[in-house]
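S.K.: Supplied in structure tokens, the structure appears directly below.
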Amino acid sequence: MFENIDVFRIAHAMSKHAGARQAVIAQNMANADTPGYAAQDITPFQAVFETGLTAVTPLATRPTHLNGSAQGAPFVAGDRPGAEADPNGNSVSLETEMIHAVDTKRAHDRALAIYRSSLGILRQAIGRR
């Protein structure tokens, strides 16, 4: 019922994007000392949103999953532009990754706030608290 309301789809997509970005940031931090490792990042949510939310669908990992598709995740990790490499070829900066992690947490919190607010509006509209 609620999956067709755009604000819920956007909040879900924002949350999913934040989760995917947090996973990439964690991978960067885990490989901070790996020689030759290039820092990764995913496409910003705004760019994903402008291409359309049809690419952001639940992933069906089993045939019994409803409303899912067998396609992969729409958020693809790639080398982070502008990252300077150390002498050993590693371009991960822990300070930068921590800043990105905080930014990603804020994006996730924002998505949850949008979802909660929209749900509260719906509850008020049908007369429930």
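S.K.: Cβ contacts < 9 Å: first residue free of Cβ contacts under 8 Å to residues at least 12 places away in the same chain, restricted to segment 83-110; second residue open to solvent by 80 Å² or more (accessible area, probe 1.4 Å), any location; separation 6+ or different chain. Result?
M.R.: Asp86/Pro35
S.K.: Something else now. Taking interchain pairs and intrachain pairs at least six residues apart, which have beta carbon atoms under 9 angstrom, with the first residue in segment 15-35 and farther than 13 Å from Ser91 by Cβ and the second part of a helix (DSSP H, G or I) and of a type in the set (Phe, Trp, Tyr)?
M.R.: Going by the 9 Å Cβ cut-off, the qualifying pairs are Ser15/Tyr115; His17/Phe45; His17/Phe49; Ala18/Phe45; Arg21/Phe45.
S.K.: Quick one: would you say Ala38 is part of a loop (DSSP other than H, G, I, E, B), surrounded by 14 or more Cβ atoms within 10 Å (Cβ to Cβ) and either modelled with pLDDT under 75 or within 18 Å of the chain's Cα centre (by Cα) (or both)?
M.R.: Spelling it out, it is not the case that Ala38 is part of a loop (DSSP other than H, G, I, E, B), surrounded by 14 or more Cβ atoms within 10 Å (Cβ to Cβ) and either modelled with pLDDT under 75 or within 18 Å of the chain's Cα centre (by Cα) (or both).
The values are calculated or read from the model by the stated rules, or taken from the named source; none is laboratory data. Everything quoted here is computed from the prediction, not taken from an experiment. Positions of Cβ are backbone-derived with ideal geometry, glycine not excepted, and every protein chain shown enters the neighbour counts. With ligands, DNA and RNA removed, areas are computed over all heavy atoms of the protein, side chains included. Shrake-Rupley method; radii C 1.70, N 1.55, O 1.52, S 1.80 Å.
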